C-alpha cells in the first residue's frame, strides 16, 4: 500500500490496460434536472469501463448563493466544476505517485474562477460574443511529498 492505494491491484490494471487498450476506456454520464428556483439535482446512475456498464447511484444537489437568487443549500455549478477538476488531478497525482513508490504527505489543489455575469444576464454584447457564461479558471497547485526509497 502506498498513499492508501493497493499498488499490486493498480499494477494489475496497468498491465490489463497495457495489453488491451479498450479496457482503459471509461465513459461517464451525469444527468441533471431542474428542481425549482436556482436549484437542480445531478444524478449518476452508472459508468462504463472497458465496455462494461457498472451501476452506481449518487445524487448531487446544486444551488446558488442567496446573492445570486438561490437558497444557498448546496454548492453552485461552478464550485462543482472546480471540485471535479481538483479531485481528478488529486487522484492522478496520488495514483501516479503510488505506482512510482512515492509516499505523499499531502496534496492540496486550490482552484479559483470568475464568472462574468454580464454575459449571463445579456447586458454586454462583447461578453456575449465570447460566451454567455464566460468562466475563467486558474489552479495553483501545492504538492508536499516525501520520496521513500526502499533498499
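Condition check ((1) at pLDDT 70 or above; (2) more than 30 Å from residue 1 (Cα to Cα)) across all residues:
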{"position": "82", "(1), (2)": "yes, no"}
{"position": "103", "(1), (2)": "yes, no"}
{"position": "107", "(1), (2)": "yes, no"}
{"position": "113", "(1), (2)": "yes, yes"}
{"position": "126", "(1), (2)": "no, yes"}
{"position": "129", "(1), (2)": "no, yes"}
{"position": "141", "(1), (2)": "no, no"}
Does residue 77 satisfy the condition of being at pLDDT 95 or above and under 16 Å from the mean Cα position of the chain (by Cα)?
no
Could you tell me how many of the residues in the range 57-93 are in contact with a helix residue (DSSP H, G or I) (Cβ under 8 Å, 6 or more places away or on another chain), under 18 Å from residue 111 (Cα atoms) and not in a loop (DSSP other than H, G, I, E, B)?
0
Of the residues in the range 87-114, those that are closer than 30 Å to residue 68 by Cβ and surrounded by 17 or more Cβ atoms within 10 Å (Cβ to Cβ) come to 109, 111
Could you grab the pairs with beta carbons closer than 8 Å, sequence gap of 6+ or different chains, first residue in the range 84-104 and touching a residue at least 12 places away in the same chain (Cβ under 8 Å) and on the phi > 0 side of the Ramachandran plot, second one surrounded by fewer than 17 Cβ atoms within 10 Å (Cβ to Cβ) and part of a helix (DSSP H, G or I)?
101/7
Test result for residue 71, surrounded by 12 or more Cβ atoms within 10 Å (Cβ to Cβ), at pLDDT 95 or above and closer than 30 Å to residue 114 by Cβ:
yes
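The values are calculated or read from the model by the stated rules, or taken from the named source; none is laboratory data. Just so we're clear, the structure is a prediction, and the values are computed from it rather than from any experiment. Heads up, the Cβs are rebuilt from the backbone with ideal geometry, glycines too, and the neighbour counts pull from every protein chain shown.
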